[in-house]
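Contents: one structure, followed by commentary.
The values are calculated or read from the model by the stated rules, or taken from the named source; none is laboratory data. Just so you know, these numbers come straight off a predicted model, no measurement behind them. For neighbour counting, all protein chains shown are included, and Cβ atoms are generated from backbone atoms with ideal geometry for every residue, glycine included. Surface areas here come from the heavy atoms of the whole protein model, side chains and all, with no ligands, DNA or RNA. Shrake-Rupley method; radii C 1.70, N 1.55, O 1.52, S 1.80 Å.
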Amino acid sequence: MGGRPSSPLDKRQQQHLKGQVDALMKNFLPQYRVQLAASVLRQISRELVPQELAQCQLLHSKKLPRVREHRGPLIQLQGHPPQWQPIFCVLRGDGRLEWFSHREEYENGGRPLGSAALTGYTVLTSQREYLHLLDTLCPDSPGDRTQEEPDPLLEMPVNFPLFLQHPFRRHLCFSAATGETQRVWRLALQGGIRLRGTVLQRSQAPAAHAFLDAIRLYRQHKGHFGHDDTTLGSDAEVSDVQARTGTPRNSLGPQRSPGSPLLQVLTAVLMQELLPVLQAQIQTGLRGTGRARAWAWTELLDAVHAAVLAGASAGLRSFQPEKDELLAALDRTIRLDVDHLLSLREQVSAKLLTEVQGPLESCLRRNVDAQLPRLTQTLLNTVEAALAAVQTLLVQGMDRLSRHLRGSPSSTRLRKELMADAVATFLQLADQCLTTALDCIQAAQQLEKVRGRVLKKFQSDSSSAQRRFIRGWQICIFLPFVLSQLEPSCKAELPEFEGEVLAVGSPALTIEGIYEDVIRGALLQRIDRELKKALGASDVSCAPNGCSEVPWNQVEADEETEAQRGTCLK
């Protein structure tokens, strides 16, 4: 499982995959170009809206998100046939896992035996659950079980396993020495997975939003509505391409190339399209039976994934110069005509809303209204519990700092405790009040006052973050469903409005984009009404000009506004 045998793909299969990737890029890039224009218009329109809403109280932390690095001995299932072997594992701050033959090799700067970016993985700590997963990957035909080879996982039961499962990659099987070690590694690995899986979502760049919109619309055109793991990707996938395909570093460009955040997403989309074909044509020809056959299937998927990842990298790298020129040109042209474009968009939105009002309202009453209160309350309970946990950690951290200061006034020791924006605010306020004229007791008293101020700011920003989070998730849940329900009826009304948009001659406006914003606006009105019931009318802010007006992608507008002021919570 941990070794790197020669690729199970022959040259013909590799060439076929290249053709599949080329076809994806050919179909996807036109959609991406259109969404780049729409994203630039959205950004410019936000610049024109007065920023009069209440600002975040906490200061913005400039520290980039990272995983707490973790290292220690584990055993790993690797080799052919697989065997459990001792290794030394290291989780890097960027969410990359590496393993070495022993600690000294790591400490001496040696090359790892293997490594994996944790993007898209899931951690399992139950051997029974993992074995069940293997059994479902490649179901045997009747009679195959009678000739099944001995299973190394069953021969040596694992007390404290850590199975890293990926839908398109080979699995990584580790085991810890104790239950506590397993728990610590599980938390560390889950942190790495979360970090690497949300880079695009955290980005405020127009190109990142355009890419995610293009992927979503590309999948909708193929009948796939909804949000899933295909939109999760990280910004360090190029190095993964190099490690898994043996491609020279300079042939792929810098490790943090401009296209790298998009690679995993594109690859996942194509892998989802390829999976049924692979299962029908290749899976039946795999050697072995039972779980040995399932392992061979994951190795095949890993090779396919690596080939697709390399092809997507090449396609995005070729498009990069054109994208840079296009963004610069769009910014110039759209700024000159932004008032006319926004005016036309409002006119078409009003007409389109009139046409789809009937079926849209019927769908919302029938399918959304009944579920919205329960979902709102569930999200509220979840977010409130999470914020309470964060506040507890913050209080504990500030109290610990006060105790450290009473015992030792060393500023070096003080600054070792950091926690995102709240801690950045605490440290800055502490710097302002701590002077050389104060003794330790006086300094600790000043920190108590700072503690109270930070908690008030935290509570204020928590309320804003709570609303943003709930609205965002409700849109993610309901919007794809409503769009799919309206697809047969309302989409037929769009062509009669398309002429008005095309007459403008700007790629920044599309009838499909206006249609989706109309649906989103109507859905947000319901979401805001329900939030008012749950939180109180004074706690919910609607669109800048009132809830009756259709928002211009209001969820993203709220996120962008908060990002410009300084992110409240990570």
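Between amide H atoms placed 1.01 Å from N, distances below 5 Å from A205 occur with no residue 5 or more places distant or on a separate chain. Between Q83 and L502, the modelled label-to-label distance comes to 6.8 nm, taking each label 7 Å out from Cα in the direction of the beta carbon. Residue ranking by accessible heavy-atom surface, 1.4 Å probe, largest first, among E361, E322 comes out as E322, E361.
Note that segment 315-325 has calculated 3J(HN,Hα) couplings of x, 5, 5, 5, 7, 4, x, 5, 5, 4, 5 Hz, one per residue in order, obtained from phi through the Karplus relation 6.51 cos²θ - 1.76 cosθ + 1.60 (θ = phi - 60°); glycine and proline are x.
In this label model, A329 and S343 are separated by 2.6 nm, measuring between points 7 Å along each Cα→Cβ vector.
For R128 and D22, the FRET efficiency from 1/(1 + (r/R0)^6), where r spans their Cβ atoms and R0 equals 35 Å, is about 0.25. With all protein chains in place and ligands, DNA and RNA left out, the 1.4 Å accessible area ranks R365, R46, R196 as R365, R46, R196, largest first. Multiplying the residue separation of Q445 and V49 by 0.36 nm and removing their Cα-Cα distance gives an extension gain of 138.3 nm. By a 1.4 Å probe calculation restricted to protein chains, F88 has an accessible surface near 10 Å², given to the nearest 10.
Accessible area of Y121, 1.4 Å probe, to the nearest 10 Å²? Answer for Y121: close to 10 Å² accessible.
Report the extension gain between E361 and V184 in nm, rounded to one decimal, defined as 0.36 nm multiplied by the number of residues separating them, less their alpha carbon distance.
Values: separation 177, 0.36 × 177 = 63.72 nm, distance 4.93 nm.
58.8 nm is the gain from fully extending E361 to V184.
When the surface is traced with a 1.4 Å probe over the full set of protein chains, T425 keeps roughly 0 Å² accessible.
Using equal-weight Cα scatterers in the Debye expression, the normalised intensity of segment 306-359 in log10 at q = 0.20, 0.30 Å⁻¹ is -0.76, -1.04.
Which order do L134, L379 take when ranked by solvent-accessible area (1.4 Å probe, heavy atoms of all protein chains), largest first?
Working: L134 0, L379 25 Å².
These residues rank, largest area first, as L379, L134.
Applying 1/(1 + (r/R0)^6) with R0 = 45 Å to the Cβ-Cβ distance of H221 and L455 gives a FRET efficiency near 0.40.
Our estimate of slack between V277 and E487, defined as 0.36 nm per intervening residue step minus the Cα-Cα distance, is 72.9 nm.
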